[in-house]
1. Residue check: is residue 136 surrounded by fewer than 23 Cβ atoms within 10 Å (Cβ to Cβ) and within 19 Å of the chain's Cα centre (by Cα)?
2. What about residue 181, is it at pLDDT 90 or above, outside any helix (DSSP H, G or I) and either closer than 30 Å to residue 324 by Cα or in contact with a helix residue (DSSP H, G or I) (Cβ under 8 Å, 6 or more places away or on another chain) (or both)?
3. Here is a check on your reading of the model: is residue 15 over 22 Å from residue 225 (Cβ atoms) and outside the structural domain of residue 181 (by TED's automatic domain parsing)?
4. Please tell me if residue 270 is in contact with a strand residue (DSSP E or B) (Cβ under 9 Å, 6 or more places away or on another chain), modelled with pLDDT under 95, over 19 Å from residue 227 (Cα atoms) and surrounded by fewer than 22 Cβ atoms within 10 Å (Cβ to Cβ).
5. With respect to residue 164, is the statement that it is within 23 Å of the chain's Cα centre (by Cα), in a loop (DSSP other than H, G, I, E, B) and not assigned by TED's automatic domain parsing to the domain that holds residue 418 true?
6. Taking residue 346 and the conditions (1) more than 23 Å from residue 502 (Cβ to Cβ); (2) out of contact with any helix residue (DSSP H, G or I) (no Cβ under 9 Å at 6 or more places or on another chain), which numbered condition does it fall short on, given that it satisfies the others?
7. Only residues in region 302-328 that are assigned by TED's automatic domain parsing to the domain that holds residue 486 and at positive phi count as the first member; pair them with residues that are buried (at least 20 other Cβ atoms within 10 Å of the Cβ) and assigned to a loop (DSSP other than H, G, I, E, B), Cβ under 8 angstrom, at least 6 apart or cross-chain, and list the lot.
8. Return the residue satisfying two criteria in turn: it lies in region 135-178 and is at pLDDT 90 or above and touching a strand residue (DSSP E or B) at 6+ places or on another chain (Cβ under 8 Å), and of such residues it is farthest from residue 69 (Cα to Cα).
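The values are calculated or read from the model by the stated rules, or taken from the named source; none is laboratory data. Just so we're clear, the structure is a prediction, and the values are computed from it rather than from any experiment. No Cβ is skipped: glycine too gets one built from the backbone with ideal geometry, and neighbour counts run over all protein chains shown.
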């Protein structure tokens, strides 16, 4: 499984014949005799190899005139792991498209964020994915539309605009082209799986949650997935008012482009159950994308674990609990602030510092289903905080105020468009930012799968216990064999401790 896998016809055919779900999202199979495209694990009888055509994206299949299979629903596949493990132009563009930038700002906005011309963006995306940014965003809108059609009682006109379409006509034409069904037919087909879907009365803009209701979704992932450290970490470090663990679910507030939301995420054996309440349904695709990224659901655990097993001292840890993910974030700036608050203090102290900021400077939200009260303060709000009000050493106050000012001014960019090496360099230039702080931000905010923490106390303790080199330089040299998955090795090493971050809350 590597970049350009769709060009390896023989390997793709073997994956389709074996119906291997690990390859879902890596490529798509278009069948010339039926005019449909499928995920590799489609349960139907595989077509003859001469009738298969392989594409790197659903958008490329749609561009070539194929429609989505009604049986395997390829539009609901996990995303390609490529966009989470790479930091080049195409990967950054894909992360921005998933975050809804093309729908909100158009292709010129996408290009401006990346610092390239629209022509260069078009050319590189077309070369690697078989579709340009507009086609990729269109495929994403079609998936959002299907989700709303099948899970909400909203009128079709509202769904069209909530999914990002500019007109109802474009919405109708796209749904028919992609799914070979009219929007009303999609809703009718979905109805037998639950209650009949009635018509709603909401109107765009700003479809309110009290009209649209909460959405219940299934977030797919590639197996295996070990939820212990993933949800354990999020729950153990949860900031009161912003995050909580309640009734077997991790819940938190979301700051989104058009409004705010509350998400509840519950681990299940074959998916993550997701319940979303949004103040504006135009934020649906962005909210889903950010939740998937936070839970690292598009990772390829088999490739990661196979690489880490090559080290005989790591192999028993991987075999004991395979499929560990890197717990990430829905808000990169928030995580960077929390990383500074957590420097050289306990987890409990870091939560206390963060909770004070939330109470004093966060925006209030209503949560009828739980105990969430605020959004985490934006950098602009934190930039006006009086440093003397912060209960921390003076040097860390300087670190905090410098960071939030740089984030507010845009001098430090941590979003999906960030260039990882440049961002690391900018952070290292800030006062109070050493390798540990920069690497933990790289691992959990930027999403660098190769970020490593050789100076972390928990890592050094685990290394000593396992017989690995315990000095940072020697451990870094040993960890070269774990690349490009050192961030996942960190999760396995941390798991040797009895810290609450390693256990699924009761």
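1. For residue 136, the condition - surrounded by fewer than 23 Cβ atoms within 10 Å (Cβ to Cβ) and within 19 Å of the chain's Cα centre (by Cα) - is not met.
2. Numbers: at pLDDT 90 or above: yes; outside any helix (DSSP H, G or I): yes; either closer than 30 Å to residue 324 by Cα or in contact with a helix residue (DSSP H, G or I) (Cβ under 8 Å, 6 or more places away or on another chain) (or both): yes.
Yes; evaluated as a whole, the condition is true for this residue.
3. Against the criterion (over 22 Å from residue 225 (Cβ atoms) and outside the structural domain of residue 181 (by TED's automatic domain parsing)), residue 15 does not qualify.
4. No: the conditions fail for residue 270.
5. yes
6. Failing condition for residue 346: (1).
7. Sorted first by the residue in region 302-328, then by its partner, the pairs are 323/225.
8. The selected residue is 177.
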